[in-house]
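The block underneath contains the structure these notes are about, expressed in C-alpha cells.
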Amino acid sequence: QQQVKQSPQSLIVQKGGISIINCAYENTAFDYFPWYQQFPGKGPALLIAIRPDVSEKKEGRFTISFNKSAKQFSLHIMDSQPGDSATYFCAPKGSSNTGKLIFGQGTTLQVKP
Amino acid sequence: DAGVIQSPRHEVTEMGQEVTLRCKPISGHNSLFWYRQTMMRGLELLIYFNNNVPIDDSGMPEDRFSAKMPNASFSTLKIQPSEPRDSAVYFCASSLGWPQHFGDGTRLSIL
C-alpha cells in the first residue's frame, strides 16, 4: 500500500523565521511532488510542486527540496509570516493520466507575530 | 474563471436520512475526485472519475455511499442511510491531468 509520512504534525514559528516540513514516501511510482496549503473553511490549494528530475525549486519564499535516493522531499518557508498560518499537505502524484494524489497527514503551521 | 463549486456548504441532518452532496467541476476538466477529511483520518480519496466513468472506488467506505457523474459538469455523492460517523468535510476536486483544483467543501454533520 502506498504510504506517505509527513512531519511534524504541528509547528510554531516566530514571524521572520524559517518553517520546514518534511515528507517521506515509499512508492517510487510517483511522478510529481506537490505541497498543498489549506486555510480553515477552504479546500486545499496547490502551493508549489517539483518533478523528480529536479533537486530544488523555489517560488518566492517557498522552496521544495527533493532527495530522490532518500525518498524524501521538504517544504521550506523563508521569512514566515502570520498569513502563512495554515495546514500544509504533501501529496505525491501517481504516474498515471488521472492524477491521483496520496495525501500526507498534514502539518498545522502557526506563525506568531 | 469559476472554480469547483460544491453545494451545500453546510448540511446538518439526522441519522438515517439520505444526504446528497453536489459538485460542479471546472469546465473542460476530465477528472473528478471526491475526498473526505476528518481529524482522525486526514484527507481520504473516496472515488474518482475520468471522462465521467468511475475509475477507482476503493476508498468508498461501504455500500451506504454511492457516487455518480451523469455528465461532465455535474457529480453527486450520496449517503443513504447516514450515520454520525459520516460527519466530516467532503471535498470535490477536478483536473485536466494536473493539478487538481479543490472546491471549498461541504461540512456534513449527522446528529
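Determine, from the Cβ-Cβ distance of residue A:5 and residue B:107 and an R0 of 45 Å, the FRET efficiency 1/(1 + (r/R0)^6), rounded to the nearest 0.05.
Once the sixth-power term is evaluated, E becomes 0.95.
Excluding same-chain residues fewer than 8 positions from residue A:71, which lysines have a Cα within less than 28 Å of its Cα?
Residue A:71 reaches A:5, A:57, A:58, A:93, A:100.
Which residue fluctuates most in the GNM of chain A (Cα springs below 10 Å): A:41, A:94, A:16?
Per the Cα network of chain A with a 10 Å cutoff, A:41 tops the list.
Of the residues A:40, A:52, A:92, which exhibits the maximal mean-square fluctuation in a Gaussian network model of chain A defined by a 10 Å Cα contact cut-off?
A:40
Please compute the contact order of chain A in relative form: average sequence separation of alpha-carbon pairs under 8 Å and at least six residues apart, divided by the residue count, as a percent.
With pairs under 8 Å counted, the relative contact order is 36 percent.
Give me the net charge for the shell around residue B:89: Cβ to Cβ below 9 angstrom, other residues only, Lys and Arg +1, Asp and Glu -1.
My count for the surroundings of residue B:89 gives +2.
So how far apart, in nm, are the two label points at residue B:78 and residue B:64 if each is 7 Å from Cα heading toward Cβ?
1.6
Just the Cα atoms of chain A: what Rg and Dmax do they give in Å?
13.5, 43
Within 10 Å of each Cβ in A:76-87, how many Cβ atoms from other chains are there, averaged over the peptide?
0
Which parts of region A:70-112 would a label at residue A:12 reach, counting a residue when its backbone N lies under 16 Å from a point 7 Å out along Cα-to-Cβ?
Taking a point 7 Å out along Cα→Cβ of residue A:12, the residues of region A:70-112 whose backbone N falls under 16 Å are A:82, A:85-86, A:108-112.
Can you tally the net charge around residue B:48? Count Lys and Arg as +1, Asp and Glu as -1, for every other residue whose Cβ sits under 9 Å from the Cβ of residue B:48.
It works out to a net charge of -1.
When N counts the residues of the protein assembly as shown, how does its alpha-carbon radius of gyration compare numerically with 2.2 N^0.38 Å, as a ratio?
That ratio works out to 1.03.
With N set to the number of residues, divide the alpha-carbon radius of gyration of chain B by 2.2 N^0.38 Å and report two decimals.
That works out to 0.99 for chain B.
According to a simple spin-label model (label point 7 Å from Cα along Cα-to-Cβ), what is the distance in nm between residue A:22 and residue A:61?
According to this spin-label approximation, the distance is 2.4 nm.
Let's see if you can work this out: charge +1 on each Lys and Arg Cβ, -1 on each Asp and Glu Cβ, no other charges. What is the dipole magnitude of chain A about its Cα centre, in debye to the nearest 20?
For this selection, approximately 80 debye.
Would you kindly compute the Cα radius of gyration of region A:68-113 and its largest Cα-Cα separation (Dmax), both in Å?
13.8, 43
Comparing A:103, A:89, A:73, which has the greatest mean-square fluctuation in the GNM of chain A with Cα pairs linked when under 10 Å apart?
Result for chain A, Cα springs under 10 Å: A:103 fluctuates most.
Where does the charge balance sit around residue B:109 when Lys and Arg score +1, Asp and Glu -1, over other residues with C-beta under 11 Å from its C-beta?
Local net charge: -2.
Bear in mind that the values in this text are calculations on the coordinates, not laboratory data. Predicted model only: the values in this text are computed from it and were never measured. Quick reminder, even Gly has a Cβ in these numbers, built from the backbone with ideal geometry, and neighbours come from all protein chains shown.
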